[in-house]
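This report refers to the structure that appears directly beneath it.
The values are calculated or read from the model by the stated rules, or taken from the named source; none is laboratory data. What you see is a predicted model; the values in this text were computed from it and never measured. Neighbour counts are summed over all protein chains in view; Cβ atoms, including those assigned to glycine, are modelled from backbone coordinates with ideal geometry. Calculation scope for accessible area: heavy atoms of the full protein, side chains included, ligands and nucleic acids excluded. Shrake-Rupley method; radii C 1.70, N 1.55, O 1.52, S 1.80 Å.
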Amino acid sequence: MDGAIGTQLRHVLELLDGDVAKVYLELGLPEYRPRFSPIVRTIVAEGPLSIRDLATAVGVTHSAASQTVAQLQRAGFVTLQPGSDARQRIVHLTDKTRELLPTIEAEWKATTAAMAELDAELSVPLGRVLAEVVAAVSQRSFQERISSRGVVENQAQRVAES
């Protein structure tokens, strides 16, 4: 597949998450999304948490966690309760979600096994490559890598000359 790396990454995510979503449909959970499981599993493991703590535990931005929690709440999988700070909201699983946990856990286990199978077919496990990418861009951002090529300075010079 030729194309920009962002396009390729989005396509891989669409393929993987799309198929997980199809499994949820087969399980009779059309409103449950693949992106819900890390949040749900974290609350199961650690108990009710603030959105900020969920974001940290799952490894996503506060904004991404907040958006996912809002979707979970609209679908009836979580409730939000006030925290110790007036701005803080604590995320709790609903009874509906607790009843679905055996199904969610079975899907997670099957998905983990399927990912291991896929990784065995790859030259390098996908999770390892992605972890290496995160570590590398944490050390030196992609923006910095692009900017070091002089594109910003060259464009500014062209604008100044015109």
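Using a 1.4 Å probe on the protein heavy atoms, what percent of the accessible area of region 1-61 belongs to carbon and sulfur? Could the numbers behind the result be given before it?
On the way: 2200 of 3800 Å².
On region 1-61, the fraction of accessible area on carbon and sulfur atoms equals 58 percent.
Using a Gaussian network model of the chain whose springs link C-alpha atoms within less than 10 Å, name the residue from Q67, Q81, Q139 with the highest mean-square fluctuation.
Q139
Within the set of other residues whose C-beta is less than 11 Å from the C-beta of T111, count the net charge using Lys and Arg as +1 and Asp and Glu as -1. Present the calculation step by step, with values, prior to reporting the outcome.
Numbers: positive: K109; negative: D17, D19, E105, E107, E117.
That sum, taken over residues with Cβ under 11 Å, equals -4.
Applying a 10 Å radius around every beta-carbon, put 105-112, 37-44 in order of their mean neighbour count, most first. Write down the numbers at each step before the final one.
Values: 105-112: 13.6, 37-44: 19.2.
Result, highest mean Cβ count within 10 Å first: 37-44, 105-112.
What ranking, highest mean first, results for peptides 51-62, 123-134, 21-32 when packing means the other Cβ atoms within 10 Å averaged over each residue? Intermediate values should be presented prior to the final figure.
Numbers: 51-62: 16.6, 123-134: 11.2, 21-32: 14.2.
Order by mean packing, descending: 51-62, 21-32, 123-134.
What length, rounded to one decimal in nm, is gained on full extension from E117 through to D85, with 0.36 nm per residue of separation minus their alpha-carbon distance?
Once the chain is fully extended between E117 and D85, it gains 7.0 nm.
As an exercise, find the ratio Rg/Rh for the chain from alpha-carbon atoms, using the Kirkwood inverse-distance average for Rh. Walk me through the numbers before you get to the answer.
Numbers: Rg = 20.1 Å, Rh = 18.7 Å.
For the chain, the value is 1.08.
Expressed in nm to one decimal, what extension gain is obtained for the pair R41 and E161 from 0.36 nm per residue of sequence separation less their Cα-Cα distance? If you can, show how the numbers build up before the last one.
Details: separation 120, 0.36 × 120 = 43.20 nm, distance 5.66 nm.
Full extension from R41 to E161 adds 37.5 nm.
Can you give the Kirkwood hydrodynamic radius of region 93-142 from its Cα pairs, in Å with one decimal?
Values: mean 1/r = 0.0748 Å⁻¹.
Hydrodynamic radius (Kirkwood, Cα pairs) of region 93-142 is 13.4 Å.
For A131, put the label point 7 Å out on the Cα→Cβ axis and report which residues of region 44-74 keep their amide N under 15 Å from it.
Once the point is set 7 Å along Cα→Cβ of A131, 59 turn out to lie under 15 Å by backbone N, inside region 44-74.
Enumerate the whole-percent occupancy of each 5 Å bin, from 0 to the last occupied one, for all C-alpha pair distances of region 62-154.
Spelled out per bin, shortest first, that is 3, 10, 10, 12, 12, 13, 15, 12, 7, 4, 2, 0.
What list of ³J(HN,Hα) couplings, whole Hz, do you get for region 131-138 from phi and the Karplus terms 6.51, -1.76, 1.60, once you set θ to phi - 60° and write x for glycine and proline?
Coupling constants for region 131-138: 4, 5, 4, 4, 5, 5, 6, 6 Hz.
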